[in-house]
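Visitor: Starting off with a structure, shown below.
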Amino acid sequence: MRNANIDRKTTETDISLSFNLDGSGQYQLNTGCGFFDHMLQLFTAHGKFDLSVECTGDTHVDFHHTIEDIGISLGNALSQALSDKRGITRYGSVLLPMDESLALVSIDISGRSFINFDVTMPQSRVGDFDTELVEEFFTSLARAASITLHIKLLEGKNTHHIIECIFKAFGRALQKACFIDKNVGGEIPSTKGLL
């Protein structure tokens, strides 16, 4: 089983997270932020992962530390679950529509952390959620997981739709990149022999 359990405790957050790459889209989420729970539900369901997150954070300040630290924890879990990355497809790209929104997400499980987040949010908030935290989450995740991640918004007017589009596309692109390709024959998909 390609899964991982992460416990991360700081002065700002206390997180218990479990992640299964080969799940069925099951989730149990309590991040302290309803909108973010919804986005993680979409990521999990569309990627066909299993994800459990329990987080107590300093939400009396704002959601920044919660979102950032969950990104770090999920990135660490992804890295652990992939282990040496033998047999994976490595690359995954999805162009996904969500009503008027259209987002491209491309992933390389490269062992090198890089993110290009080319998204302009029409609104700075959705409910009590600061939309700049979407970039913060994906930046933290990409760094912790050592993946290359490109997220580009091609169309979009409704901020909720834009963010939803991105999380769905990320789930589906990650599923493709983590897929065990029988044609690879259990090898590490790199001419270097290491990712």
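Visitor: Would you tally the residues in segment 75-111 being among the small types (Gly, Ala, Ser), within 22 Å of Val184 (Cβ to Cβ) and assigned to a helix (DSSP H, G or I)?
Guide: Residues flagged as among the small types (Gly, Ala, Ser), within 22 Å of Val184 (Cβ to Cβ) and assigned to a helix (DSSP H, G or I) within segment 75-111 amount to 2.
Visitor: Six or more apart or on different chains, Cβ atoms under 6 Å: show the pairs whose first residue is in segment 29-45 and part of a helix (DSSP H, G or I) and among the charged types (D, E, K, R) and whose second is modelled with pLDDT of 95 or more and surrounded by fewer than 22 Cβ atoms within 10 Å (Cβ to Cβ).
Guide: Asp37/Leu29
Visitor: For segment 54-63, check the following and say yes or no: at least one residue is crowded, with 17+ Cβ neighbours inside 10 Å and within 16 Å of the chain's Cα centre (by Cα).
Guide: For segment 54-63, residues crowded, with 17+ Cβ neighbours inside 10 Å and within 16 Å of the chain's Cα centre (by Cα): absent.
Visitor: Continuing with the same structure: Given the structure, is Ser101 closer than 19 Å to Leu21 by Cβ, over 15 Å from the mean Cα position of the chain (by Cα), surrounded by 15 or more Cβ atoms within 10 Å (Cβ to Cβ) and modelled with pLDDT of 95 or more?
Guide: In short, no.
Visitor: May I pose another question? Going through Glu155, Glu132, Glu136 one at a time, which residue ends up being acidic (Asp, Glu) and closer than 14 Å to Leu74 by Cα?
Guide: Unique residue meeting the criteria: Glu136.
Visitor: Can you confirm whether segment 1-15 contains a residue that is part of a loop (DSSP other than H, G, I, E, B) and of a type in the set (Lys, Arg)?
Guide: yes
Visitor: Sticking with this one: Restricting attention to segment 94-130, which residues are more than 19 Å from Gly171 (Cα to Cα) and touching a helix residue (DSSP H, G or I) at 6+ places or on another chain (Cβ under 6 Å)?
Guide: Within segment 94-130, Met121, Pro122, Gln123, Val126, Gly127, Phe129 qualify.
Visitor: Specify the residue that is surrounded by the fewest Cβ atoms within 10 Å (Cβ to Cβ); the eligible residues are those in segment 1-28 that are farther than 27 Å from Asp128 by Cβ and in contact (Cβ under 8 Å) with a residue 40 or more places away in the chain.
Guide: Asn5
Visitor: Can you name the residue in segment 82-98 that is surrounded by 19 or more Cβ atoms within 10 Å (Cβ to Cβ) and either among the hydrophobic types (A, V, I, L, M, F, W, C) or touching a His at 6+ places or on another chain (Cβ under 6 Å) (or both) and is also farthest from Val134 (Cα to Cα) among such residues?
Guide: That would be Ile88.
Visitor: Identify, please: which residue in segment 46-74 is among the aliphatic types (A, V, I, L, M) and in a helix (DSSP H, G or I) and is, among those, nearest to Asp130 (Cα to Cα)?
Guide: For segment 46-74, the residue satisfying everything is Ile67.
Visitor: While we're looking at this one, here's another question. Out of everything in segment 162-186 that is surrounded by 13 or more Cβ atoms within 10 Å (Cβ to Cβ) and over 20 Å from Val105 (Cα atoms), what residue ends up being modelled with the lowest pLDDT?
Guide: Val184
Visitor: Hey, another quick one. Identify all residues within segment 120-154 that are among the basic types (Lys, Arg) and either surrounded by 22 or more Cβ atoms within 10 Å (Cβ to Cβ) or within 17 Å of Val94 (Cα to Cα) (or both); write none if there are none.
Guide: Hit for segment 120-154 is Lys152, nothing else.
Visitor: Next question. Among the candidates Asp84, Asp69, Asp62, single out the residue that is acidic (Asp, Glu) and touching a Ser or Thr at 6+ places or on another chain (Cβ under 9 Å).
Guide: Asp69
The values are calculated or read from the model by the stated rules, or taken from the named source; none is laboratory data. Keep in mind the model is a prediction, meaning the values are calculated, not measured. Heads up, the Cβs are rebuilt from the backbone with ideal geometry, glycines too, and the neighbour counts pull from every protein chain shown.
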